[in-house]
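The next block holds one structure in the form of structure tokens; read it before the comments.
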Amino acid sequence: MNLKSKTFWKYALIILCFPVLINLFLFQAKLPLVFGTEDNWLSFWGNYTGGLISAFVAYIIANSQIQKQLRIDLGKEKFYRTINQLPALIYLKIDLEQFIEELEKVKIEREKFINSLINKNNNYSSVWDEEEIEEEQLRTEDKKRYSGDYWTDIPKNIVDTETSKPYLIKFVNGENFTHLKTLENTDLHIELITIFNFYRDFSIALDCNISSKENRYRVLQRKTMGREPDGSQIQEIINLDSEIAKYSRLRSEGWKAIYEENMLDRFQQGLVLLNQEIEKVKYTKENADPSLLEGIDQ
């Protein structure tokens, strides 16, 4: 029973004032239609008000017991939800560590690739020999490393070449997002969803061989030059144009987030928060924290 409730005090006031009103209107006013002596009515109202008070007390006790049991049940439910998320938290930690490792790897690979192009001082076309690039990267290991910013200071022709280069990177699978659904910490849940969505889109864009799509696009354009293309060729050209624009944009936005918005630091901070949550859940599981069984927010 909520003693701060206006409803509670309204009914309490009615019950307390009821005998006074009865005395005023029935006993003192001497109404002609009222039968029985004052002793009879006094006995009746004594029994009546005693019954009301007993019922009221019984209601308060029953309601208090129900509310207490509800808090216990909610506490137990929250306790088991909390400890049952531990396996998912551990899987998410492993995934996030791998994502950080993958992003750091492709970042280093990108910078080596750009460094090799700058040191060679030669403009590559969008088609390159992988072995030649790898050899050039090895040859430039001992050369002076590019000192500019790897995002804003890169010449456009080199950026265009890098944008077409595919990277081997681990993808996000469906289980990653399934594990996210079990999290009880709302702030951590939102942060990890943001991080995982970024990695999913960026990894797909990095893995895409944009150069191959651009070559196929040019081949189709040459084939249809001077004559009417068929429906399948038109659709393929539209799809290729859309995919090239989409994945180029995702790459550009992803690298900008890494170089200018410290996205890797955000991944690291997310890992810190995840480790803290794992420790909290482990402590709760090992100590059966009684705070989960009391004071549950309604």
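None of the figures in this text is laboratory data; all of them are computed from the coordinates on show. Computed from a predicted model, the values in this text were never measured in an experiment. Counting neighbours? That spans all protein chains shown, and the Cβs are built from the backbone with ideal geometry, glycine included.
Placing R0 at 41 angstrom, the Cβ-Cβ distance between residue 276 and residue 71 gives a FRET efficiency of 0.95 after rounding to 0.05. Straight-line cross-link reach from residue 223 at under 17 Å between alpha-carbon atoms covers these lysines, not counting any fewer than eight positions away in the same chain: 213. Evaluated with a Cβ-only charge set (Lys, Arg +1; Asp, Glu -1), segment 186-298 carries a dipole of roughly 920 debye about its Cα centre, given to the nearest 20. In terms of surrounding Cβ atoms within a 10 Å radius of their Cβ, 265, 241, 95 rank from fewest to most as 265, 241, 95. Anisotropy class assigned to segment 168-298 is prolate, per the alpha carbon gyration tensor with a/c at or over the 1.5 cut-off and a/b larger than b/c.
Too long at a 23 Å Cα-Cα cut-off: which of 6/78; 68/181; 112/156? As for pairs spanning more than 23 Å Cα to Cα, those are 6/78; 68/181.
Packing, taken as the mean count of other beta carbons within 10 Å per residue, orders the peptides 271-279, 46-54 from highest to lowest as 271-279, 46-54.
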